[in-house]
Amino acid sequence: MKIDEIKTIVKLMSENDLTEFRIECEDMHLCLKRGSAQSAVIPQSVLSVPAPIPVSAPAATPAPAKEKEEAPAEASPIPADSSKIIESPIVGTFYRSASPGADPVVKVGSKVDPETVVCIIEAMKVMNEIKAEKSGVIKEILVENGQPVEFGQPIFVLE
């Protein structure tokens, strides 16, 4: 991985208020954490031995972030049944259509199957088509066009 790519990741982490980023490739593992002195590029052979990572205690920073995340969850309840949720498989920027002037890929009421492309997520200047991986009808779209998303963040609710 080139230093420019790592700098881009760090910049995206800052802009999107992410505290941790991990990526694994064939011969390396990159883990970046904000708020502590831990940033490492570790050879794959080291990954087989898990080691405890000390946690720094900046208590003031995480608490407000959690409050921000909890407020929208109360306004828009997300079903506990994970089979009805389509989550973001990557960190990036969510787009409802393939280009700025195009119609959205799916709308509320659209039927989807596991192979249906439901959105585009841009990560490191690469446009990734995201498939539903589930069958159903789009009941709600939880993310606005152009909004940053995190790994595992709910983006669609199915009926």
query: Taking 1 over the mean of 1/r across every pair of different Cα atoms in segment 81-158, what Kirkwood radius in Å do you get?
result: 12.2
query: Roughly speaking, what is the stretch gain from LYS2 to SER135, that is 0.36 nm per residue apart minus the C-alpha to C-alpha distance, in nm to one decimal?
result: 44.0 nm
- prompt: Within a Cβ distance under 14 Å of ASP4, other residues only, what is the Lys/Arg minus Asp/Glu net charge?
  reply: +3
task: For ASP27 and SER82, calculate 0.36 nm times their separation in residues minus their Cα-Cα distance, and state this gained length in nm to one decimal.
output: 16.5 nm
- prompt: Taking amide hydrogens as modeled 1.01 Å from N in the peptide plane, which residues meet the under 5 Å criterion relative to PHE156, leaving out close sequence neighbours?
  reply: ILE86, LEU142
message: Residues of segment 139-156 with the amide nitrogen closer than 13 Å to a label point 7 Å from the Cα of GLU20, along Cα-to-Cβ, please.
response: 151
message: Over segment 81-158, what is the relative contact order in percent, taking alpha-carbon pairs closer than 8 angstrom and at least six residues apart?
response: 42
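Each reported figure results from applying straightforward, stated rules to the coordinates on display, with no laboratory input. Since we're looking at a predicted model, the values are computed, not measured. Glycine also receives a Cβ, built like all others from the backbone with ideal geometry; neighbour counts cover every protein chain displayed.
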